[in-house]
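**Student:** Next up is a structure, given as structure tokens.
The values are calculated or read from the model by the stated rules, or taken from the named source; none is laboratory data. Since this is a predicted model, take the numbers as computed values, not measurements. All Cβ positions, even for glycine, are placed from backbone atoms using ideal geometry, and neighbour counts span all protein chains on display. Remember, those area values only see protein heavy atoms, side chains included, never the ligands or the DNA or RNA. Shrake-Rupley method; radii C 1.70, N 1.55, O 1.52, S 1.80 Å.
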Amino acid sequence: MNGREIAPGVFWLGGCFEATMLTRPIHYHVSAFLIIGSHKSVLYDTGDPHHWPSIAPVLTRLLAGRPLDYLFPSHPEIPHAGNLAALLERYPAATVVGDIRDYHVHYPEYTERLVALRHHERLDLGDRVLEVIPAYIHDLPNTLWAYDTGSGALFVSDGFSYVHHLPTPADEASHLPGQCWLLSSELPEPPSVEQAAYGTGRALYWTRFVDVSETFNHIGELLVQRSTRLIAPAHGNVISDVEPMIKISLAAHREVYAASASAGVDRAG
Ligand SMILES: [Zn+2]
Ligand SMILES: [Zn+2]
């Protein structure tokens with residue numbers, strides 16, 4: 001299922017990492033998304049280097065001889081940009097786009113292939129456009145989201161993280177085979193607030209200290225303005241039931257914030 005087409009011309013690549021909880025495995029996605037337009041193609045995030053041996057052949061198959069035109073890492077961290085050098089080498093015509101403010105330090109040999117994009121600039125892919133969206137929930141200051149007009153998919157990097165199963169002491173088989181590549185609406189049960197809180201609290205340390213209610217109002221407006229049909233997080237199954245998952249994600253943020261308050265975390269300063 002690596003490379004699953006989640007909407008016409010939008011492909012989900014990457015894989016899950018496995019941690020242990022209650023002696024049982026717990027899965028954590030690291031995903032990348034390929035968007036193929038009639039003229040140009042773009043890879044949003046690169047996947048983790050650990051998954052490169054499976055990502056590379058899937059890219060070759062999906063591109064079917066076409067070049068990969070744009071590489072758009074959401075921000076320069078290993079799970080999001082770790083395959084950048086391998087991709088630049090493999091696709092010599094590809095340009096790195098996004099908020100590339102520090103990339104020349106990481107990749108001095110590729111400085112000429114870096115192109116800065118600002119908020120709401122648009123990459124013309126032919127029959128569709130990828131718009132750069134400010135990251136309302138982010139890790140690094142230069143994180144960017146993106147919106148594909150062709151599919152109504154919003155790519156949100158570390159936003160809306162969740163694990164697709166949380167083991168309980170009663171579980172027989174904690175991670176059910178085949179769940180890694182399911183859309184959220186295809187999971188046997190809708191993701192719980194606890195599953196989202198597990199992902200959120202680990203992907204984004206700051207969420208323990210910030211009340212995000214106001215941020216979620218802005219996100220709600222964005223989802224209406226851009227008629228979002230899919231949300232594609234780097235760390236979670238692709239979200240196909242957008243409205244209920246927004247509520248779950250907000251509840252998870254509140255739970256992470258409240259837990260730090262009850263633990264006596266000092267938020268001053
Ligand atoms: Zn991340
Ligand atoms: Zn998995």
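**Student:** Looking at the stretch 38-69, which of its residues are at negative phi, surrounded by fewer than 16 Cβ atoms within 10 Å (Cβ to Cβ) and assigned to a loop (DSSP other than H, G, I, E, B)?
**Tutor:** Residues satisfying the conditions are 38, 39, 66, 67.
**Student:** On the basis of being within 15 Å of the chain's Cα centre (by Cα) and either farther than 27 Å from residue 16 by Cα or modelled with pLDDT under 90 (or both), does residue 207 make the cut?
**Tutor:** no
**Student:** Continuing with the same structure: Does residue 108 satisfy the criteria of being free of Cβ contacts under 8 Å to residues at least 24 places away in the same chain, open to solvent by less than 70 Å² (accessible area, probe 1.4 Å) and away from ligand 2 (no atom under 16 Å from the Cβ)?
**Tutor:** Numbers: free of Cβ contacts under 8 Å to residues at least 24 places away in the same chain: yes; open to solvent by less than 70 Å² (accessible area, probe 1.4 Å): no; away from ligand 2 (no atom under 16 Å from the Cβ): yes.
It is false that residue 108 is free of Cβ contacts under 8 Å to residues at least 24 places away in the same chain, open to solvent by less than 70 Å² (accessible area, probe 1.4 Å) and away from ligand 2 (no atom under 16 Å from the Cβ).
**Student:** List pairs: first in the stretch 72-99 and over 21 Å from residue 40 (Cβ atoms) and away from ligand 1 (no atom under 15 Å from the Cβ), second assigned to a loop (DSSP other than H, G, I, E, B) and open to solvent by 10 Å² or more (accessible area, probe 1.4 Å), Cβ under 8 Å, 6+ apart or cross-chain?
**Tutor:** 85/107
Listed here are the residues, each with its yes/no results for (1) away from ligand 1 (no atom under 16 Å from the Cβ); (2) more than 29 Å from residue 8 (Cα to Cα); (3) basic (Lys, Arg).
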| site | (1), (2), (3) |
| --- | --- |
| 205 | no, yes, no |
| 209 | yes, yes, no |
| 230 | yes, no, no |
| 234 | no, no, no |
| 243 | yes, no, no |
| 247 | yes, no, yes |
| 258 | yes, yes, no |
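**Student:** On to the next question. Among the residues that make up the stretch 91-99, is at least one of them within 18 Å of residue 70 (Cβ to Cβ), assigned to a loop (DSSP other than H, G, I, E, B), at pLDDT 95 or above and among the aromatic types (Phe, Trp, Tyr)?
**Tutor:** Yes, the stretch 91-99 contains a residue that is within 18 Å of residue 70 (Cβ to Cβ), assigned to a loop (DSSP other than H, G, I, E, B), at pLDDT 95 or above and among the aromatic types (Phe, Trp, Tyr).
**Student:** I'd like the full set of residues that are of a type outside the set (Lys, Arg) and part of a helix (DSSP H, G or I), limited to the stretch 100-145.
**Tutor:** Narrowing the stretch 100-145 to residues of a type outside the set (Lys, Arg): 100, 102-112, 114-117, 119-121, 123-127, 129-145.
Within the stretch 100-145, 103, 104, 105, 106, 108, 109, 110, 111, 112 meet the criteria.
**Student:** So which of 151, 185, 157, 161 is part of a loop (DSSP other than H, G, I, E, B), more than 16 Å from ligand 1 (Cβ to nearest atom) and either out of contact with any Leu (no Cβ under 9 Å at 6 or more places or on another chain) or of a type in the set (Gly, Ala, Ser) (or both)?
**Tutor:** That would be 151, the only listed residue that is part of a loop (DSSP other than H, G, I, E, B), more than 16 Å from ligand 1 (Cβ to nearest atom) and either out of contact with any Leu (no Cβ under 9 Å at 6 or more places or on another chain) or of a type in the set (Gly, Ala, Ser) (or both).
**Student:** Another one. From 19, 81, 86, grab the single residue that is open to solvent by 10 Å² or more (accessible area, probe 1.4 Å) and away from ligand 2 (no atom under 16 Å from the Cβ).
**Tutor:** Among 19, 81, 86, only 86 is open to solvent by 10 Å² or more (accessible area, probe 1.4 Å) and away from ligand 2 (no atom under 16 Å from the Cβ).
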